[in-house]
Amino acid sequence: MIAHPEKYQKAQVVWRKDYAPDLWSIRLKPEEGLVFKPGQYATLGLEDGGRVHERAYSIVSSPHENEIEFFLELVPDGELSPPLHEIREGYTLLMRRQAKGLFTLDDKSGHKQHCLICTVTGVAPFVSMVRTMAREARQGKPPDLRLVLIHAASRSWEFAYREELEAVSQSCAWFSYIPTVSRPWEDAAWKGELGRAEDVLRKYLDTLGLEPSHTTAYLCGNPIMIENANGILARRGFSKEFIRRELYWVPKKEKS
């Protein structure tokens with residue numbers, strides 16, 4: 001019997017892929033499935049002595065998939081990521097029965113342009129959106145909107161879903177993928193965009209005509225990036241209503 005069975009269901013790890021010593025993806029097979037929208041998150045847990053240690057993670061997979069995928073980063077002093085980093089295929093976790101979150105695609109404003117900005121694992125909810133829309137496009141229902149995804153990382157090997165996203169970008173006119181590296185001196189082979197997410201954002205707001213009158217922006221991942229990008233968007237005329245944010249952690253306040 002698991003702790004609080006009314007809250008949790010068991011979910012078995014059926015796949016794992018490592019990208020770097022501190023970055024990996026897993027897919028889980030929950031006993032009873034999980035209903036969610038692209039952009040939402042699920043809460044994973046590990047039981048220890050009758051207590052459940054848990055944390056919310058954005059879902060990578062599309063609702064059309066049978067397994068629930070997550071993109072994880074090791075936080076050495078974190079409560080859950082260190083033990084999660086040790087698990088392998090066949091291990092069973094706990095998953096809350098309900099997915100939550102309001103970080104979903106804006107379908108009410110009528111905006112046809114959507115600018116997605118993220119750092120490293122912050123790409124997770126956007127992969128879910130892209131996978132879902134790409135599947136619908138293959139079924140003869142191409143979206144009548146445009147997604148532009150700016151994905152920032154220190155080094156290129158942190159772009160876990162780069163090949164998948166570039167393939168969609170090359171085959172679908174409604175999607176553009178723009179990865180950018182901020183530490184090129186550690187990644188000499190990288191030939192793409194350079195700079196932090198907010199630096200590249202300034203460039204593409206102009207070159208792609210992402211105007212606040214018909215664009216919704218989405219910020220996900222590092223809270224410092226979110227604060228900086230939010231300021232850039234606000235100065236460009238984006239109202240709070242059309243800037244959606246998903247912080248992956250809250251910065252610690254420095255002691256005065």
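The values are calculated or read from the model by the stated rules, or taken from the named source; none is laboratory data. In this text, all values refer to a predicted model and were calculated from it rather than measured experimentally. Neighbour counts run over all protein chains shown; Cβ positions are idealised from the backbone, glycine included.
Does the stretch 148-158 include one or more residues that are out of contact with any helix residue (DSSP H, G or I) (no Cβ under 9 Å at 6 or more places or on another chain), surrounded by fewer than 17 Cβ atoms within 10 Å (Cβ to Cβ) and without any contact (Cβ under 8 Å) to a residue 60 or more places away in the chain?
The answer is no; no qualifying residue exists.
Can you work out which of the residues in the stretch 178-217 that are in contact with a Lys or Arg (Cβ under 8 Å, 6 or more places away or on another chain) and not in a loop (DSSP other than H, G, I, E, B) is surrounded by the fewest Cβ atoms within 10 Å (Cβ to Cβ)?
If we take residues in the stretch 178-217 being in contact with a Lys or Arg (Cβ under 8 Å, 6 or more places away or on another chain) and not in a loop (DSSP other than H, G, I, E, B), then Glu186 is surrounded by the fewest Cβ atoms within 10 Å (Cβ to Cβ).
Check Thr121 against each of (1) in contact with a Phe, Trp or Tyr (Cβ under 6 Å, 6 or more places away or on another chain); (2) among the β-branched types (Val, Ile, Thr); (3) surrounded by fewer than 21 Cβ atoms within 10 Å (Cβ to Cβ) and name the one condition it does not meet.
(3)
Name the single residue that is nearest to Ala229 (Cα to Cα) among those in the stretch 156-177 being in a loop (DSSP other than H, G, I, E, B) and in contact with a strand residue (DSSP E or B) (Cβ under 6 Å, 6 or more places away or on another chain).
Step by step, filter the stretch 156-177, then rank; the result is Phe159.
Please enumerate the residues belonging to the stretch 127-155 that are more than 24 Å from Glu211 (Cα to Cα) and assigned to a loop (DSSP other than H, G, I, E, B).
Of everything in the stretch 127-155, those that are more than 24 Å from Glu211 (Cα to Cα) and assigned to a loop (DSSP other than H, G, I, E, B) turn out to be Gln139, Gly140, Lys141, Ser154, Arg155.
Can you name the condition, by its number, that Lys112 falls short on among (1) basic (Lys, Arg); (2) surrounded by fewer than 18 Cβ atoms within 10 Å (Cβ to Cβ); (3) more than 24 Å from Ala229 (Cβ to Cβ)?
Every listed condition holds for Lys112 apart from (3).
Let me confirm something: among Arg96, Arg51, which residue is surrounded by fewer than 18 Cβ atoms within 10 Å (Cβ to Cβ) and over 30 Å from Ser239 (Cα atoms)? Working first, answer last.
Numbers: Arg96 fails: surrounded by fewer than 18 Cβ atoms within 10 Å (Cβ to Cβ).
None of the other options fit; the residue is Arg51.
Among the listed residues Ser171, Ser176, which satisfies the condition of being without any contact (Cβ under 8 Å) to a residue 12 or more places away in the chain and either outside the structural domain of Ala124 (by TED's automatic domain parsing) or among the hydroxyl-bearing types (Ser, Thr, Tyr) (or both)?
Result of the check over Ser171, Ser176: Ser171.
If you check Arg131 against the conditions, is it over 18 Å from Thr216 (Cβ atoms), charged (D, E, K, R) and crowded, with 17+ Cβ neighbours inside 10 Å?
In short, yes.
From the set of residues in the stretch 76-93 that are surrounded by fewer than 16 Cβ atoms within 10 Å (Cβ to Cβ) and without any contact (Cβ under 8 Å) to a residue 60 or more places away in the chain, which is farthest from Trp157 (Cα to Cα)?
Looking at residues that are surrounded by fewer than 16 Cβ atoms within 10 Å (Cβ to Cβ) and without any contact (Cβ under 8 Å) to a residue 60 or more places away in the chain, I get Glu79.
Out of the stretch 99-123, which residues are closer than 27 Å to Gln9 by Cβ, touching a Gly at 6+ places or on another chain (Cβ under 9 Å) and not in a loop (DSSP other than H, G, I, E, B)?
Residues satisfying the conditions are Thr121, Gly122, Val123.
Looking at Gly221, is it surrounded by 14 or more Cβ atoms within 10 Å (Cβ to Cβ), out of contact with any Lys or Arg (no Cβ under 6 Å at 6 or more places or on another chain), in contact (Cβ under 8 Å) with a residue 60 or more places away in the chain and on the phi > 0 side of the Ramachandran plot?
Yes.
Restrict the check to the stretch 239-253 and report whether at least one residue is in contact (Cβ under 8 Å) with a residue 24 or more places away in the chain, in a loop (DSSP other than H, G, I, E, B) and within 20 Å of Lys108 (Cβ to Cβ).
Taking every residue of the stretch 239-253 in turn, at least one turns out to be in contact (Cβ under 8 Å) with a residue 24 or more places away in the chain, in a loop (DSSP other than H, G, I, E, B) and within 20 Å of Lys108 (Cβ to Cβ).
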